[in-house]
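S.K.: Okay, here's the structure, questions in a sec.
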Amino acid sequence: MLDSVRDYLSQLAEEGLAGLPVRGAVSAAGQGASASKLPLSAAAVLSSAGNSARAAASAPPAPLPAPGELLSRYPGLEKTTSLEEVKAFIGDCKRCKLAPLRTHLVFGVGNPTADLMFVGEAPGADEDARGEPFVGRAGQLLTDIIERGMGLKRSDVYICNVIKCRPPDNRNPEPDEVATCEPFLMRQIDLVRPRAIVALGTFAVQALLKVKTPISRLRGNWHEVRGVKLMPTFHPAYLLRSPGEKRVVWQDIQEVMKLLGLEIPARGGAR
């Protein structure tokens, strides 16, 4: 139970939540309250974590779609032979409800034949304004991890997100939005064909692996997506709020460096 509570709180913290939405709460005066974010009590955490753990234990894992099945949602996507062709295929996308809200579609940047690929959740305000992933404060920290920690250039790797348009108020992408963008992400992975993928944050990890397991249990261990090794780790935005977790992320990054045959400095990592 304690492990479940710890995982649940870790996931909430990474998503920037300090409370749970509670419906139908009754005030001391006996009046019903509308849905609002209330402080988490120990009892609420234990109950929610216990329910989540039981649900996860009883629910079978979602089957992974066959590689061709995803691409067949958009006939012709499977014929694209470069990232530029995929970007052109997407075009001025109007396939989901995020389209009218965006400033720029954020496709991806970096080396199209990179050995290492980073996948985040979705564009934020800075990314939406510039049309490039990871360019805000979290992006600067990711750049530090790549350049100061790994000894690479940002242009050496490929960086993209699960979805290509910014959700309003930076909320988590919704299932229909993920389903719309997923074939494009999978085609990016197929064409870059990296030796390793680093999935950044709870949402990206769960979207790629089709699991609901907390990231605290997934990180530090290798997984696989479309035949490529995948290392889950915390999102740079979470590290800005919880700098003590940089040590944990550096451990994950060192595993990636070992796989890629990169020299690990005696002292290093994002600071």
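Every number here is computed from the coordinates shown, using simple stated rules; none is lab data. Please read these numbers as outputs of a predicted model, since none were measured by experiment. Don't worry about glycine lacking a Cβ; one is built from the backbone with ideal geometry, like all the others, and counts go over all protein chains shown.
S.K.: Could you give the size of the charge dipole of the stretch 67-260 about its Cα centre, using +1 on the Cβ of each K and R and -1 on the Cβ of each D and E, expressed in debye and rounded to the nearest 20? Write out the running numbers ahead of the final one.
M.R.: Values: 28 positive and 24 negative charges, 57 e Å.
Rounded to the nearest 20 debye, it is 280 debye.
S.K.: Sorting check: for 227-233, 100-106, which peptide has the highest mean count of neighbouring beta carbons within 10 Å, and how do the rest follow? Numbers along the way, then the final one.
M.R.: Details: 227-233: 20.4, 100-106: 15.6.
Ranked from most to least packed, the peptides come out as 227-233, 100-106.
S.K.: Considering only lysines 8 or more places apart in sequence, or on different chains, count the pairs in the stretch 80-236 whose C-alpha atoms sit under 16 Å apart.
M.R.: Lysine pair count for the stretch 80-236: 4.
S.K.: What net charge do the residues around N111 carry, taking every other residue with its C-beta under 10 Å from that of N111, with Lys and Arg at +1 and Asp and Glu at -1? Don't skip to the end; give the middle numbers.
M.R.: On the way: positive: K153, R154; negative: D115, D156.
Residues near N111 contribute 0 overall.
S.K.: Compare the peptides 235-242, 159-166 by average per-residue count of other Cβ atoms within 10 angstrom and give them in order, highest first. Present the calculation step by step, with values, prior to reporting the outcome.
M.R.: Working: 235-242: 19.6, 159-166: 26.0.
Those peptides, ordered most packed to least, come out 159-166, 235-242.
S.K.: What are the GluC sites (Glu not before Pro) within the stretch 194-271 that DSSP puts in a loop, where the Cβ has at most 11 other Cβ atoms within 10 Å?
M.R.: Details: sites: E224, E245, E255, E263; in loops: E263.
Within the stretch 194-271, the qualifying GluC sites (Glu not before Pro) (loop, at most 11 other Cβ atoms within 10 Å) are E263.
S.K.: Just for the stretch 70-227, what percent of DSSP beta bridges are antiparallel, to the closest 5? Could you put the intermediate results ahead of the total?
M.R.: On the way: 2 of 10 bridges.
Of all bridge pairs located within the stretch 70-227, approximately 20 percent are antiparallel.
S.K.: Then there's this: Project the alpha carbons of the stretch 67-260 onto their principal axes and report the range along each, largest first, in whole Å.
M.R.: 43, 34, 32
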